[in-house]
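The values are calculated or read from the model by the stated rules, or taken from the named source; none is laboratory data. Bear in mind that the values here come from a model prediction, so they are computed numbers and not experimental data. Don't worry about glycine lacking a Cβ; one is built from the backbone with ideal geometry, like all the others, and counts go over all protein chains shown. Heads up: the accessible areas ignore ligands, DNA and RNA and are worked out on the full protein's heavy atoms, side chains in. Shrake-Rupley method; radii C 1.70, N 1.55, O 1.52, S 1.80 Å.
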Amino acid sequence: MPIHEKSLIRPENLREQENLVIEGMDVSGHWSTFIESRAVTDYNEALQEEIAALPGGENIHRCWQCGSCTNACTVNAVNPEFNPRYWIYLIRLGMEDELLRDKDIIWQCVSCNKCTYACPRDVVPEGVMKATAHWLELKGHTPKSPSMLFDEVFAGQVIKTGRIEDGLVLRDFFKRTGQPLNQPWLVAMVLGLVKRFPLAYLIKLGIATIRPDRTRGWGRARDAINEYAEEVEAQNRKALGLGAKGAK
Amino acid sequence: MSEPILIVGGGPAGLSAAHAAASAGRKVILVEKEDRLGGAPILSGYARLVPSHEWAADAIGAMVKRVVENPNVEVRLNTQVQAFSGEPGAFTATLKDGGNISAASTILTTGFTHFDSVNKPEWGFGTYPDVVTTTQVEQMISSGRGVRCPSDGRKPDRVAILLCVGSRDRQIGREWCSKICCTVSSNLAMEIREELPNSNVYIYYMDIRTFGLYEGEFYWGSQEEYKVKYIKARIAEVTSDGKRLLVKGEDTLVKRPISIPFDMVVHAVGMDPNVDNMTLSSVFGVDLNKYGYIGRANTYTTLCQTSRPGVFVAGAASGPETIDDSIAQGSAAAIAALNFAAGAVSAAAE
């Protein structure tokens, strides 16, 4: 019988024996092809609640699968594989394995929020995408993205000193993403600065690089922010059944 | 005054019609084939009713009491109408236990029959003890025993409710939607979750028809408050892996086959035409519609008119119906019968 839904056959589910002889009949190679079942055999009943516990995912239970979000989606117009409606369904039913297959696409949401305005049930799909990306990361399914690392370096410095020292952000970011400091565009920029900047500014800049400025009396604000961040992190981890590792 | 009104069937529609006609001062004779009044909600042991959440025994019990205590109503239990003859305004009904009744007009409130799930053997009813019907779950709840797997009395962790069992199915000649099963199932799902908070309840559907205001309380309430999951799939078969029930089908929204274990599978059984409808049709000389329910002559001028003048119909006898609409139709039929009888009398006087 011909196979009508070839698109549903996944390469990893195809099984072939390189050398196989059955009752004297050589059925090596594609003669021995068979397809492993792709049946859903279990639901992860906790999945929806885990996503709902993360910021942005609160309203996922409202979805009725109309597809307005996917229809409105900026990313879907470029990549048809990007389908918020489908992921919301997988999460609501707890089809975790299926969701993980798309872990490298889900974070591509550009947060344009067109879906948020199209959704008749106020699910806030953009928030759900954010929560899902966060979930994937907390569970260790996806590594931290470069933009996430940048955010961490940036926010880390603000929280620590109450200020931003651009040069330090750049250096830390390069270090964490394994990029060399000696990049042509950066060298050109620094040389340009040295050539054109008044000496007094350059001296100030140099001192700031070695010993960054701090906002006076920042300590209490820092402690409060850290406390809150740790609290939220601990909450999120607890909701996902992860150990209380705390904020870093 | 003129002859009494004969009402056949003591369920919600019949009780409502009897109350309405008797309250208007008319003599009513209520014939019921079973040994008590109340109809399906009482005879089948329903639990809490949609949409009031009142226990059936209380809600319908009050209707029974009201009718029984009305001096204008004469109740005849354990009997059926065997023969029916005469003209509008002067009918004669012969009962099975002997005796004739003279009636000016008649209202048929003969109700429906629950679909027998044995007719869909692929869904395991009759083969596996833990495959039950919505009616059985109603009984588990109304009896106070709680929802338990019939095989060993354990509390089910995972319950699947299959919708449209005996409805919307050309294979078995039932093309109609039974109207109430979606709402009843979501209501039952909430009751199961309330009794067994650790359980997970899944409803397998093709379309969800929790019509009108049921959308909020039942469809969304079951999902938002009670975490009931709705999966768009028509189940192909229910088997067993020796320990638990195995439900197979296709999740059509993700185009993936399903093969999932459950502790209990509940058939949301539909409403069949009353198995006695062929007999009723020939005894009372009324036409059935193409589905086998008692046919209505028209929709707008006289809601409850059958093909035979002077014989009216109300409730699930004429098609799948909710309890509250059956009650409303009972009243409408009573008004129609009263007017009709009065018209017949004045026509005779002229």
Among A:Asp122, A:Asp97, the single one that is assigned to a helix (DSSP H, G or I), more than 16 Å from the chain's Cα centre (by Cα) and either surrounded by fewer than 21 Cβ atoms within 10 Å (Cβ to Cβ) or more than 14 Å from every other protein chain (Cβ to nearest Cβ) (or both) is A:Asp97
Cβ pairs under 7 Å, 6+ apart or interchain, first in the range B:231-252 and facing chain A (nearest Cβ under 10 Å), second assigned to a loop (DSSP other than H, G, I, E, B) and open to solvent by less than 20 Å² (accessible area, probe 1.4 Å), ordered by first then second residue, are B:Gly249/B:Ala233; B:Glu250/B:Ala233; B:Asp251/B:Ala233
Residue check, B:Ser186 under 19 Å from A:Gly94 (Cβ atoms), within 14 Å of chain A (Cβ to nearest Cβ) and small (Gly, Ala, Ser) | no
message = Condition first: within 14 Å of chain B (Cβ to nearest Cβ), within 12 Å of the chain's Cα centre (by Cα) and under 30 Å from B:Val201 (Cβ atoms). Can you find one or more residues in the range A:102-116 that meet it?
response = yes
### Query
In this structure, is B:Val275 of a type in the set (A, V, I, L, M), in contact (Cβ under 8 Å) with a residue 24 or more places away in the chain and open to solvent by 10 Å² or more (accessible area, probe 1.4 Å)?
yes
Residue count, the range A:200-247, condition open to solvent by 100 Å² or more (accessible area, probe 1.4 Å) and polar (S, T, N, Q), comes to 1
Picked from the range A:62-84 (must be open to solvent by less than 40 Å² (accessible area, probe 1.4 Å) and within 13 Å of chain B (Cβ to nearest Cβ)), the residue nearest to the chain's Cα centre (by Cα) is A:Asn83
*asked:* Given the criteria open to solvent by less than 50 Å² (accessible area, probe 1.4 Å) and outside the structural domain of A:Glu12 (by TED's automatic domain parsing), does A:Tyr117 qualify?
replied: no
Can you say whether A:Gly57 is open to solvent by less than 70 Å² (accessible area, probe 1.4 Å) and under 30 Å from B:Phe262 (Cβ atoms), as far as the supplied structure shows? yes
Taking the range B:4-31 and keeping only residues that are open to solvent by 10 Å² or more (accessible area, probe 1.4 Å) and β-branched (Val, Ile, Thr), one is left with B:Val8, B:Ile29
A:Ser7 passes all but one of the listed conditions (1) without any contact (Cβ under 8 Å) to a residue 40 or more places away in the chain; (2) part of a loop (DSSP other than H, G, I, E, B); (3) within 11 Å of chain B (Cβ to nearest Cβ); the exception is number (2)
Those residues of the range A:10-53 which are of a type in the set (Phe, Trp, Tyr), away from chain B (no Cβ under 14 Å) and either open to solvent by less than 100 Å² (accessible area, probe 1.4 Å) or within 27 Å of A:Leu99 (Cβ to Cβ) (or both) amount to A:Phe34
Scanning the range B:285-328 residue by residue, those under 14 Å from the mean Cα position of the chain (by Cα) and outside any loop (DSSP other than H, G, I, E, B) turn out to be B:Gly315, B:Ala316, B:Ala317, B:Ser318, B:Ile323, B:Asp324, B:Asp325, B:Ser326, B:Ile327
When restricted to B:Glu138, B:Glu195, the only residue in contact with a Ser or Thr (Cβ under 9 Å, 6 or more places away or on another chain), closer than 21 Å to B:Tyr46 by Cβ and away from chain A (no Cβ under 14 Å) is B:Glu138
Flagged in the range B:97-117 as on the phi > 0 side of the Ramachandran plot and surrounded by 23 or more Cβ atoms within 10 Å (Cβ to Cβ), in numbering order, are B:Gly111
A careful count of residues in the range A:125-177 that are within 10 Å of the chain's Cα centre (by Cα) and surrounded by 16 or more Cβ atoms within 10 Å (Cβ to Cβ) gives 11
Screening B:Phe312, B:Phe262, B:Phe284 for residues that are within 14 Å of another protein chain (Cβ to nearest Cβ) and at pLDDT 95 or above leaves only B:Phe262
